[in-house]
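Here the structure is laid out as structure tokens; the discussion comes afterwards.
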Amino acid sequence: MIVNMSDSASPEQIEHIIQRIREAGFTPHVTRGTERTIVAAVGSGGRRHEIEALSVAPGVDNVGRPSRKPFKLVSRQTRPVSSVVDVGGVKIGGKEVVVIAGPCSVESREQLLDTAHGVKKAGANMLRGGA
């Protein structure tokens, strides 16, 4: 079950929902967005009716079933901002295009170094190599 907190929910109201979810036999998973907080009741065998009853608790906007869509934790619904990963100063996921190139299989140090120089000269940001 998913508990959507209202955009004006206080930290105390959110903590209250987290505690009720634990008491109902589930593990709470909190996602804090820029506009609202979502608390998921994760697990099976808990008391669902207790989670559904939270719809009238202060600070709760609504309670619903989770989406059947894959990748819920990284979807635009729960995470509206793109992830940016910094790898040695190269930011992957930002506004710049990142090109990673290299051989399908590395056969020798010399081959890899020659490829690295060519990849860099061609404008790629990172080197990859298969085993």
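Laboratory data are not the source of any read-out in this text; all were calculated from the coordinates shown. Quantities reported herein were computed from a predicted structural model and do not represent experimental measurements. Heads up, the Cβs are rebuilt from the backbone with ideal geometry, glycines too, and the neighbour counts pull from every protein chain shown.
Just a few scattered comments:
- Straight-distance crosslink candidates among aspartates and glutamates, where the alpha carbon sits under 15 Å from Lys95 and sequence neighbours closer than 8 are dropped: Asp86
- Qualifying trypsin sites (Lys or Arg not before Pro) in region 74-131, DSSP loop, other Cβ atoms within 10 Å at most 14: Arg76, Lys95, Arg128
- Where only C-alpha atoms are counted, convex hull volume of region 85-127 per residue in Å³: 78 Å³
- Scattering curve values for the chain, log₁₀ I(q)/I(0), Debye with Cα scatterers, q = 0.12, 0.13, 0.19, 0.21 Å⁻¹: -0.63, -0.67, -1.00, -1.16
- Taking the centroid of alpha carbons for each part, region 58-131 and region 2-47 are 30 Å apart.
- C-alpha long axis of helix 109-121 to longest principal axis of the chain, angle in °: 80 degrees
- With each label modelled as a point 7 angstrom along the Cα→C-beta vector, the Val84-Ile100 pair spans 1.8 nm.
- Under 5 Å, built H, 5+ apart or other chain: amide partners of Arg128: Ala101, Gly102
- As a proxy for reagent exposure, Phe71, Phe26 were ordered by neighbouring Cβ count within 10 angstrom, fewest first; the result is Phe71, Phe26.
- Ratio of the Cα radius of gyration of region 2-74 to 2.2 N^0.38 Å, where N counts its residues: 1.02
- The fewest-to-most ranking of Asp61, Asp114 by surrounding Cβ atoms within 10 Å reads Asp114, Asp61.
- Degrees between helix 11-23 axis and first principal axis of the chain (Cα, 0 to 90, nearest 10): 80 degrees
- Listing Thr34, Thr27 from fewest to most neighbouring C-beta atoms within 10 Å gives Thr34, Thr27.
- Vicinal HN-Hα couplings computed from phi for region 94-108 (Karplus, 6.51 cos²θ - 1.76 cosθ + 1.60; Hz; Gly/Pro x): x, 7, 7, 7, 10, 10, 10, 9, x, x, 5, 9, 8, 9, 7
- Inter-site label distance for Gln19 and Asp7 at 7 Å from Cα along Cβ, in nm: 2.8 nm
- When the Gaussian network model of the chain links Cα atoms closer than 10 Å, the mean-square fluctuations of Ser82, Ser55, Ser44 top out at Ser44.
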